[in-house]
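Below is one structure, written out as structure tokens; comments come after it.
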Amino acid sequence: MNTPDSPRPVPEFDLQTLRHSTSHVMAAAVLRLYPTAKLAIGPAIDNGFYYDFDLDTQLKQEDLPAIEAEMKKIIKERFAFTRFTLPRAEALAAVADQPYKVELINDLPADAELSFYKMGDFTDLCAGPHIDHTGRIKAYKLLSVTGAYWRGDSNKKMLQRIYGTAFVTKDELQAHLTALEEAKKRDHNKIGRELEYFTTTEYIGQGLPILMPKGAKVLQLLQRFVEDEEERRGYLLTKTPSLAKRDLYKISTHWDHYRDGMFVIGDAEDEESEVFALRPMTCPFQFQVYLARMRSYRDLPMRFNETATLFRNESSGEMHGLIRVRQFTLSEGHIVCTPEQVENEFVGCLDLVNFMLDTLGLREDVTYRFSKWDENNREKYIGSADEWNRTQALMKNILDHLKLDYVEADGEAAFYGPKLDIQMKNVHGKEDTIITIQIDFQLAARFEMEYVDADGQRKHPYIIHRSSIGCYERTLAMLLEKYAGALPLWLAPTQVAVLALTDRHHEYCRELTRQLQAAGLRVELDDRNEKIGYKIREAQVSKVPYMLIVGDKEQETNTVSVRARDGDKGAMTLQEFTAMAVQQIQNKER
RNA sequence: GCUGGUGUGGCUCAGUCGGUAGAGCAGCUGAUUCGUAAUCAGCAGGUCAGCGGUUCGAAUCCGCUCACCAGCUCCA
């Protein structure tokens, strides 16, 4: 604790530097305890740091306290961090017994400065910067040990990664650890199951969640909302099959790019027989609608939308709650337009997305990512460098016109074009794409989609692949985490819980419930065996927007006592309550 | 797919050295009718994820499979 006599020193380093230095201290401690350890890399990251090791023994969570204790000794020594550089030959000699460091040096450009940091008897190849001495480290904690591939390449060796975090003060550290615990309580995978939004069974299989009545209700509400809004914005609803012959996927090249990720029906190796595959995306199905007859430039833009169930055979370790699953429902759509219309249509897509995010209350939680191709990894993409550069410039231009705050990411594009990805983090801090808008300059030609332009020439249109609210299951997961299960009134599976204080009030409550339902509200009255609503558990009640309490007082005065999630609203008539609730639902209040 | 962890009634968990399963909550029955979750009494509920092996004997030991969790890789 800080006292007036020992004011908290203003550190001349930032948190990232402190954490990076702490990772060095951890590496030194590991090396003391496991002298044969080979070191990989140990950067600071959001909220902490990690270091990757190649060890003979498998570390366990139980081994972390010993490492922390060893770190404490190093910190007590107040070792200085001193920087020095070496010529390449000497640098290589210095790390001769550290193969991963040798590889790192060999991959650095010939003219790169090779800097090292020495701290006690521990020296590490490192660009820095660092704190002045280990005594600065006051508050740290090792969190977990997991596997991680060397250089993030699944073909390379899996190393052992220790995650940790560090803060300037112990209070800040404790606050962070508490926040991590709190975040876990919002985990959709926990509360979604507890509150019975979804479940899984081993007999149905991995990545195949079962949406229970509450989950199914929310998805239905979202779907109606999306389809209605899209209709207002000029979209044409389609409903296309859930599977197709592989020939379709061969044209789109999905068969080449993602065959392992598709559920194939039939012998995929047999080129003679008829083979089907469940659809992993909607594009070529919806394209068939466009292709049904000759199109004119006067028809464009054509905006197609569909609530599409998709199937992807994700690898076993990749499934996660409702966020990553093998069957999911996407608010999918494709806009076919002329080159001149691309910008307007793209802006319209983003406006729709932002409208959705605003309505759901997620706008402040997302970031925008401009996902580009990787020109060094061309086999992942179709089309020429020229076409890629042109289309990416087109999208960047649109984004800059919009003054959108975005980050650029290489190698994150779809194989047919660049994307604007709307990213959101889950409670574990892991980021996922929840919504995407993509510009495709390739598939129209592959599917021979054309329009007759004003000059009488047949031309290939641009196609915008877009979602408006994303994958319904994933969006539900994010909503559950955002609201800790207490969804906004308009989305709540149960909007009103009616609580009869005694059996005397029970009949009256049934009548109230009937009236509320007639007004379109979703009501729950716990009336099993004529028992009183008292039994509605607090754990559930706290998630329900409104609870109506009815006892003698209310029945005599023809009122209900209204308790909202944020406090008591007092007594009012049922009509007053209903009018208020219906208004709030119409406004989609949060 | 890879690394590690987990898997006991609907839920949360206990089960010592292998001797053949226990609690609370939920459920059901009855009593209670109580102003904002856990009133009282009783009842019922488990092939200890599944399969195979070791053993006289396995929830406990070994192997395989399945599912769940965290991380890595992947994500049209």
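Brief remarks on what is shown
- DSSP beta bridge pairing in chain A, given as percent antiparallel to the nearest 5: 85 percent
- Size descriptors for region A:9-49 (Cα atoms only): Rg and Dmax, in that order, 12.0, 38 Å.
- Distance between the pseudo-spin-label points of A:ALA385 and A:ASP247 (7 Å out from Cα toward the beta carbon): 3.7 nm.
- Calculated accessible area for region A:320-474 comes out at 40 Å² per residue, all protein chains present (probe 1.4 Å; ligands, DNA, RNA ignored).
- With the simple spin-label model, which puts each label point 7 Å out from Cα in the Cβ direction, the A:PHE13 to A:LYS184 separation comes to 3.0 nm.
- The string of couplings for region A:573-590 from the Karplus curve (6.51, -1.76, 1.60, θ = phi - 60°) is 6, 4, 5, 4, 4, 4, 4, 5, 5, 4, 4, 5, 5, 4, 7, 6, 5, 10 Hz, one whole number per residue in order, with x for Gly and Pro.
- Per-selection metrics, region A:453-522 (Cα): Rg and Dmax in Å: 23.9, 80
- Cα-based Rg of region A:181-274 normalised by 2.2 N^0.38 Å, two decimals: 1.55
- Note that region A:149-157 has calculated 3J(HN,Hα) couplings of 6, 4, 6, x, 10, 5, 8, 9, 5 Hz, one per residue in order, obtained from phi through the Karplus relation 6.51 cos²θ - 1.76 cosθ + 1.60 (θ = phi - 60°); glycine and proline are x.
- Ordering A:MET580, A:THR22, A:ALA414 by Cα displacement along the dipole of chain A toward the positive end leaves A:MET580 in first place; charges were set at the Cβ atoms of Lys, Arg (+1) and Asp, Glu (-1).
- Across region A:302-369, Cα-Cα distances exceeding 14 Å account for 72% of all pairs.
- An oblate overall shape is assigned to region A:54-109, the ratio a/c of its alpha-carbon gyration tensor axes (a ≥ b ≥ c) being 1.5 or greater and a/b not exceeding b/c.
- Accessible area per residue (1.4 Å probe, heavy atoms of protein chains only) ranks A:VAL347, A:VAL218 as A:VAL347, A:VAL218, with the largest value leading.
- Start at zero, step by 5 Å, and the Cα-Cα distances of region A:427-477 spread as 5, 16, 16, 15, 13, 11, 9, 7, 5, 2, 1, 0 percent across the bins.
- Rolling a 1.4 Å probe over the protein heavy atoms gives region A:185-250 an accessible area of 57 Å² per residue.
- Taking amide H as placed 1.01 Å from N in the peptide plane, A:ILE434 has its amide H under 5 Å from the amide H of A:ILE422, A:GLN423, A:MET424, each at least 5 places away in sequence or on another chain.
- Tail fraction, Cα-Cα pairs, chain A, threshold 30 Å, whole percent: 65 percent
- Remark: spin-label model distance A:GLU231-A:ARG514 equals 3.2 nm, labels positioned 7 Å along the Cα→Cβ axis.
- Diagonalising the gyration tensor over the Cα atoms of region A:109-220 and scaling each eigenvalue by 5 before taking the square root yields semi-axes of 43, 23, 12 Å, largest first.
- Near A:PHE49: Cβ cut-off under 12 Å, other residues only, Lys/Arg at +1 and Asp/Glu at -1. The net charge is +1.
- Accessible carbon and sulfur surface of chain A relative to its total accessible area, %, 1.4 Å: 49 percent
- Range of Cα positions in region A:403-532 per principal axis (Å), largest first: 78, 41, 29
- With all protein chains in place and ligands, DNA and RNA left out, the 1.4 Å accessible area ranks A:THR178, A:THR238 as A:THR178, A:THR238, largest first.
- With viscosity 1.567 mPa s and temperature 4 °C, the Kirkwood radius over alpha carbon pairs of region A:149-188 converts through Stokes-Einstein to a diffusion coefficient of 101 µm²/s.
- Diffusion of region A:319-459 by Stokes-Einstein, at 20 °C in a medium of 1.002 mPa s and with Rh set to the Kirkwood radius over alpha-carbon pairs, works out to 129 µm²/s.
- Computed FRET value (nearest 0.05) for A:LYS156 with A:GLU448, which takes r as the C-beta separation and R₀ as 56 Å: 0.85
The values are calculated or read from the model by the stated rules, or taken from the named source; none is laboratory data. Here the structure is a predicted model, which means the values were calculated and not measured. Glycine gets a Cβ as well: all are built from the backbone with ideal geometry, and neighbour counts include every protein chain shown. Areas reflect the complete protein model, heavy atoms only, side chains present, ligands, DNA and RNA absent. Shrake-Rupley method; radii C 1.70, N 1.55, O 1.52, S 1.80 Å.
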